[in-house]
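Data block below; observations after.
All of the numbers you see were taken from the coordinates with simple rules; none came from a lab. Being a predicted model, the structure only gives us computed values, none of them experimental. Here the Cβ is made from the backbone with ideal geometry for all residues, glycine too, and neighbour counts use every protein chain on show.
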Amino acid sequence: ANRKGTPIIATGDGTVTFIGSKGFLGTLVVIDHGHGIITRYGHLQKILVKRKENVKRGDTIGYMGHSGRGTGPHVHYEVLLNGIPVNPFDSRLTPSGNLLGPTLRKPLSATMSFLYSSNMTSVSGITR
């Protein structure tokens, strides 16, 4: 959770496969990172990317909101491996797009410490 309008960034390189509204998730961006890995970012206030657009890790893809079903501004961040939700810190997630994986554990941990100290509780709020 954070303030409405907080930038949301892509956590890995990939191609935007869906933008729009999706039930309880509200305004949603879906990115395909290849190797069966998909990330979903829900409850956005505004989407900045287009379908079929290639994005890089760190690109701002939208702004935090509270569309869909929610009690306040936040982002629903989800990682799917072959359609099954998985822990984003799973060391087996090492696609070419540099989504979370063993080579990123230390830098990501440092970034997460920064995020928590900044009152951000979501991986997708990672700043460049």
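Structure notes:
- Förster radius 22 Å - calculated FRET efficiency between F24 and K56, Cβ distance, rounded to 0.05: 0.15
- Kirkwood analysis of the Cα pair distances in the range 1-60 returns a hydrodynamic radius of 11.7 Å.
- Between F89 and A1, the FRET efficiency from the beta-carbon distance, with R0 = 25 Å, is close to 0.80.
- Space enclosed by the convex hull of the alpha-carbon atoms of the range 26-68, per residue, Å³: 68 Å³
- Remark: the T17-L81 segment gains 21.5 nm on full extension, using 0.36 nm per residue and subtracting the alpha carbon distance.
- Cα-based reach from K22 at 27 Å (exclusive), listing lysines while leaving out same-chain residues under 8 positions away: K4, K46, K50, K52, K56
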